[in-house]
1. Among the numbered criteria (1) loosely packed, with under 14 Cβ neighbours inside 10 Å; (2) touching a residue at least 60 places away in the same chain (Cβ under 8 Å), which one does Asn135 miss?
2. Restrict the check to segment 59-73 and report whether at least one residue is within 30 Å of Glu169 (Cβ to Cβ) and assigned to a helix (DSSP H, G or I).
3. Any chance segment 288-295 includes a residue that's crowded, with 21+ Cβ neighbours inside 10 Å and out of contact with any strand residue (DSSP E or B) (no Cβ under 9 Å at 6 or more places or on another chain)?
4. Can you go through Ser367, Ser384, Ser398, Ser351 and tell me which one is without any contact (Cβ under 8 Å) to a residue 60 or more places away in the chain, in contact with a helix residue (DSSP H, G or I) (Cβ under 7 Å, 6 or more places away or on another chain) and either polar (S, T, N, Q) or more than 23 Å from Lys60 (Cα to Cα) (or both)?
5. Any idea which of (1) closer than 30 Å to Asp88 by Cα; (2) surrounded by fewer than 14 Cβ atoms within 10 Å (Cβ to Cβ); (3) among the aromatic types (Phe, Trp, Tyr); (4) free of Cβ contacts under 8 Å to residues at least 60 places away in the same chain is the one Trp178 doesn't satisfy?
6. For segment 195-231, how many residues are closer than 22 Å to Phe282 by Cα and surrounded by 15 or more Cβ atoms within 10 Å (Cβ to Cβ)?
7. Of the residues that sit in segment 122-161 and are among the small types (Gly, Ala, Ser) and part of a helix (DSSP H, G or I), which one is farthest from Trp178 (Cα to Cα)?
Amino acid sequence: MHWLTILFIAAVIASTTLELWLAHRQVEAVGAHRDRVPEPFADRISVEDHRNAADYTIAKVRVGRIGTVLNAGLTLALTVGGGIASLDSLLRGTGWGQPFLGAAVIATVACAAGAANLPLSLWRTFRLEARFGFNRTTPKLFLADLGRGLLLAVLLGGPLLFATLTLMEGAGRWWWAWVWCVWLVVTLLMTWAWPVFIAPLFNRFFPLEDPPLKARIEALLERCGFSSNGVFVVDGSRRSRHGNAYFTGIGQHKRIVFFDTLLQQLGPSEVEAVLAHELGHFRLRHIRQRLLISAVTTLVGFALLGWLAARPAFYTALGVPVPSSHAALLLFILAAPVLTFFATPIGALWSRRQEFQADRFASDHASAQELAAALVKLYRDNASTLTPDRLYVAFYYSHPPALERILRLQGAV
């Protein structure tokens, strides 16, 4: 057995074992504190709500463990198990050349992986989320979302895949640099177009019509020196009872979006504070930083793929005897997350630091007290645990834990 094969299998086993161990720690930590509300929340979150959040968190983690094992099995089956090789051999019998052969192989693998994960998605939506009173998605809407997602994958992902395979075949030694340029253009174009042309395919967006709240928000935007093409409310309640707010788009298509469920949960001053936090990400250039980091890491990834694709051992060690552009792309897509998982605490830590910075911005331009009050309501109404395991947080939390975040905000009052 090739040493790279042994290394890959060991990495899959190690990452899966680590994920399951972290999940176990999270279940133990949340369960151990299930009956006692942390002191800073004792007067605002009932024991019943706290228990419900603990049960919801534990249920999600347990379903997530099934997904972890399933994905590890799929990864091994498709690579060293010969799945990609068998599919490639079968489709070569059609006589198709590139990029059609490669696109067919990749699309088939993607559909197979999606079909394997579909039962878990159905369980999460119609059993787990429904059990805790969050789900509002109907079977008809679920199927419509699935269909729209597949259509977008074909219309938007298809041309990008064809362009990638064509460049891999014909652009010479530096094909990966050209592919990265195409990817960068598409990413920026999608970021620009998403709020106006794509997101409305899945949700309805309405201009904010509450005059007092709108006036308060416009005053905040002026204080922060921010301009956008509107403040919108999205019908998130069609699918879930969870509330959220976000900033999206670039250039003239910048939008501020509130879930209708969030506006039902929060008062005007709390909405203002939440918006100030989101504006903080923009004014502190967090969005630009994330785009830059994504561009750099993707460039490094494509360069590494360019190096690996020229080495026959890369294919044979991962279960594919016949080298090809599409096999290189598939193997890299499957192998990269296994190895990069061990570095996820770095990105998660950076993200949590940015959240603290945005909280500070909100404290300076709105109210730390109102932001803290809004967060408490959101933690309660979204059934977010207040007592996560610290190592689980290090790997999976892009936002700071509730207790740490609230205590910092209280110190800023």
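1. Against the list (1) loosely packed, with under 14 Cβ neighbours inside 10 Å; (2) touching a residue at least 60 places away in the same chain (Cβ under 8 Å), Asn135 comes up short only on (1).
2. Looking only at segment 59-73, we keep the residues that are within 30 Å of Glu169 (Cβ to Cβ), and these are 71.
Filter again for assigned to a helix (DSSP H, G or I), leaving 71.
Taking every residue of segment 59-73 in turn, at least one turns out to be within 30 Å of Glu169 (Cβ to Cβ) and assigned to a helix (DSSP H, G or I).
3. Looking only at segment 288-295, we keep the residues that are crowded, with 21+ Cβ neighbours inside 10 Å, and these are none.
No, segment 288-295 has no match at all.
4. Numbers: Ser367 fails: without any contact (Cβ under 8 Å) to a residue 60 or more places away in the chain; Ser384 fails: without any contact (Cβ under 8 Å) to a residue 60 or more places away in the chain; Ser351 fails: in contact with a helix residue (DSSP H, G or I) (Cβ under 7 Å, 6 or more places away or on another chain).
The conditions single out Ser398.
5. Of (1) closer than 30 Å to Asp88 by Cα; (2) surrounded by fewer than 14 Cβ atoms within 10 Å (Cβ to Cβ); (3) among the aromatic types (Phe, Trp, Tyr); (4) free of Cβ contacts under 8 Å to residues at least 60 places away in the same chain, only one is false for Trp178: (2).
6. Initially, segment 195-231 is screened for residues closer than 22 Å to Phe282 by Cα, giving 195-199, 205, 207-208, 213-231.
Still in the list and also surrounded by 15 or more Cβ atoms within 10 Å (Cβ to Cβ): 195-196, 199, 205, 208, 213, 216-217, 220-221, 224, 226, 228, 231.
Summing the residues that are closer than 22 Å to Phe282 by Cα and surrounded by 15 or more Cβ atoms within 10 Å (Cβ to Cβ) in segment 195-231 gives 14.
7. In the first step, residues of segment 122-161 are kept if they are among the small types (Gly, Ala, Ser); the result is 130, 133, 144, 147, 149, 153, 157-158.
Of the ones still in play, those that are also part of a helix (DSSP H, G or I) are 130, 144, 147, 149, 153, 157-158.
Details: Ala130: 46, Ala144: 35, Gly147: 31, Gly149: 27, Ala153: 22, Gly157: 17, Gly158: 17 Å.
Per the stated criteria, the residue is Ala130.
Residue-by-condition table, conditions (1) surrounded by fewer than 20 Cβ atoms within 10 Å (Cβ to Cβ); (2) at pLDDT below 95; (3) within 29 Å of Gly133 (Cα to Cα):
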| residue | (1), (2), (3) |
| --- | --- |
| Gly306 | yes, no, no |
| Ala327 | no, no, no |
| Pro345 | yes, no, no |
| Tyr379 | no, yes, yes |
| Ala383 | no, yes, yes |
| Tyr396 | yes, no, yes |
| Ala402 | no, yes, yes |
| Gln410 | yes, yes, no |
| Val413 | yes, yes, no |
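The values are calculated or read from the model by the stated rules, or taken from the named source; none is laboratory data. Note that this is a predicted model, so its numbers are computed, not measured. Cβ coordinates were reconstructed from backbone atoms using ideal geometry, including for glycine residues, and neighbour counts include every protein chain displayed.
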